[in-house]
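The values are calculated or read from the model by the stated rules, or taken from the named source; none is laboratory data. Computed from a predicted structure; not experimentally measured. Note that we place each Cβ from the backbone using ideal geometry, even for glycine, and neighbour counts take in every protein chain shown. To get the accessible areas, we keep the full protein, side chains included, count just its heavy atoms, and leave off ligands, DNA and RNA. Shrake-Rupley method; radii C 1.70, N 1.55, O 1.52, S 1.80 Å.
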Amino acid sequence: MENYPFDTEGLTDDAIKRFAETHQKLREEFNILPTGHIDFDLHQFKAFGKCSDVNVRGSYVIKRDCGDSYILFVQVVYKIGDRHVTHHQEAQVWGLTYLKHNFGGVVIRRETLTDKILELIHPHELDFAEDKAFSNTFYVVANDYTKATTCMTRDFRNAVMDIRDNDFMIEIVDHTLLIGNYDPVVPEKSLHIAEFVERIAEACWGGVE
């Protein structure tokens, strides 16, 4: 039996193959090291709000002098149906890093036509008047506008704009940033996630306390 650098128990052959290919790509591009057991408290994120279970199958650190960032191999479980419940499992890759300052609760994703229409009826999106390109591209909601606008500096917004993938979401809970998507694992997309969290960690971005 082949030894993998992540927990394979209960994973499908396809998930194992995708995780293995992703791990190899990450090793080629970044100096990733296994973290050992860390509780990343993923249940605090709305990104996993519809999941009945979230299991970290592997976690890896990208070490930098200013701050570390992490890549997580995650298996999520969804409950489908009300009377006749079935369980659906998916393998996903997420990136995580810790921020110097408190952003409050923030969700950032690509803005859709539906978002634009709803915003006309019930405006609650956070916009940056001085950065129309960012505001026209991304849908941002925050539970503390003062914290979010202070901490989401021009450099931070530029880093989000530079992500080389259209299908992702970012969620920030106070000092913790999470980025990923719900698609099947794709090594190239995982590299984009790693590039972003490494850039955020290395820059030590934030705002004021």
Exercise for the section: Choose one answer from Glu125, Glu171, Glu29: the residue with the largest mean-square fluctuation in a GNM of the chain with alpha-carbon springs under 10 Å. Expected result: Glu29
Problem - Helix-only [θ]222 nm of the chain, DSSP H runs n ≥ 4, -39500 (n - 2.57) each, per residue, nearest 500 - result: -9000 deg cm²/dmol
Fill in the blank from the handout: FRET efficiency for Arg27 and Tyr78 from the Cβ-Cβ distance with R0 = 41 Å, rounded to 0.05, comes out at 0.85
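Cα gyration tensor of the chain, axes a ≥ b ≥ c as square roots of the eigenvalues: rounded (a/c below 1.5), prolate (a/b > b/c) or oblate?
Values: a/c = 1.93, a/b = 1.32, b/c = 1.46.
It comes out oblate by the Cα gyration axes.
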Practice task
Could you rank the peptides 8-15, 135-142 by their average count of other C-beta atoms within 10 Å per residue, with the highest value first?
Solution key: 135-142, 8-15
Practice task
Could you rank the peptides 153-161, 195-203 by their average count of other C-beta atoms within 10 Å per residue, with the highest value first?
Solution key: 195-203, 153-161
Completion exercise
Place a point 7 Å from the Cα of Gln89 in the direction of its beta carbon; the residues of the stretch 3-34 whose amide N falls under 12 Å from it are 7-16
Completion exercise
The percentage of the accessible area of the chain (probe 1.4 Å, all protein chains present) made up of carbon and sulfur atoms, to the nearest whole number, is 50
Fill in the blank from the handout: The distance between the Cα centres of the stretch 124-191 and the stretch 10-75, in whole Å, is 20
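Leaving out ligands and nucleic acids, note down the accessible area per residue over the chain with a 1.4 angstrom probe, in whole Å². Walk me through the numbers before you get to the answer.
Values: 11230 Å² over 209 residues.
Normalised by residue count, the accessible surface of the chain is 54 Å².
Starting from 0.36 nm per residue, how many nanometres of slack lie between Tyr182 and Asp127 once their C-alpha separation is accounted for?
17.3 nm
Given axes a ≥ b ≥ c from the Cα gyration tensor, I'd like to know whether the stretch 4-88 is rounded (a/c under 1.5), prolate (a/b larger than b/c) or oblate.
On the way: a/c = 2.93, a/b = 1.62, b/c = 1.81.
Oblate is the answer for the stretch 4-88, as a/c is 1.5 or above yet b/c matches or exceeds a/b.
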